[in-house]
Structures are given as structure tokens and as C-alpha cells.
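Right, one structure below, let's go through it.
The values are calculated or read from the model by the stated rules, or taken from the named source; none is laboratory data. All figures in this text were calculated on a predicted structure; none of them were measured in a lab. Ideal geometry is used to build each Cβ from the backbone, glycine not excepted, and the neighbour counts take in all protein chains shown.
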Amino acid sequence: MKIFLEIYDCAAETAAMDYASTCALKKSPEKERRGYGENVFVYNVPNAVPANAFKAAAKKWWDQIFLDGINWEVKYIQSLKDKTIDQKGFTQMAWANSIKIGCGIQTCDMKSFVVCRYSPA
């Protein structure tokens, strides 16, 4: 099994910041990401410390393996694709081939919008 060290990608950060500034409640259209994967999280805590919003986002995405029923072998199978709950936050973080990451945060209406982009998707 290969384990790669992720590299912080400033271009991904800029793109993540740009999308976070739209304050959208969903992922951006795939065609606009230019090969990047994406996780989006809204932290609904007024006047939140950005570090706390990032921690909450990472925990939410990572905990999907336990909360949403991804199997313990972490194999992406048809039954996962058919679920109505999006468990791809975990798979994007854990994907062995994702070696670059860039994140951004924006405050809108007292909420923190956290976006991370990963490459390759």
C-alpha cells in the first residue's frame, strides 16, 4: 500500500477561496473544478474562529466512514453510490492518489463556508 504526503496547493486554495466566497450550500459544478475533487462544509456557529470551522469540517468529512456506512474495507461499491447520503467527503480525504490539497473559508450571514479541493480528484 502506498501512502503519499499531501502537498499544499496554492492554486487549489485560490480556487477554494473563490468558491467559498459564493457562500453556496453545495459543491461546485464538476466542470468548473478542472480536475479537482471538492468538499464543502457550512459551520453554523456565529463569529466562529476559522481554525474551529476547519476542524469541524475535517471531522465531518472523515467521520462519514463511521456515520454513513462505508464498509470497513473502504471499498467503493455500487451500494455506496446508490446511497442518498453523500459519503464522498471521506473518500476524497482518504483517496491514496490525492496528493495535493488547498482550502478556503468565507463568512456569510454569520456562518463559515469551508471548501477544500484535492488533486487529482
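General observations
- Residue pairs meeting the criteria (Cβ under 8 Å; at least 6 apart or on separate chains; first modelled with pLDDT under 90, in the stretch 26-47; second of a type in the set (A, V, I, L, M) and surrounded by fewer than 20 Cβ atoms within 10 Å (Cβ to Cβ)): G35/A121; N47/M110
- Looking at F90, F54, just one residue is out of contact with any helix residue (DSSP H, G or I) (no Cβ under 8 Å at 6 or more places or on another chain) and at pLDDT 65 or above, and that residue is F54.
- Among the candidates I65, I77, residue that is modelled with pLDDT under 90, β-branched (V, I, T) and either surrounded by 18 or more Cβ atoms within 10 Å (Cβ to Cβ) or touching a Ser or Thr at 6+ places or on another chain (Cβ under 7 Å) (or both): I65
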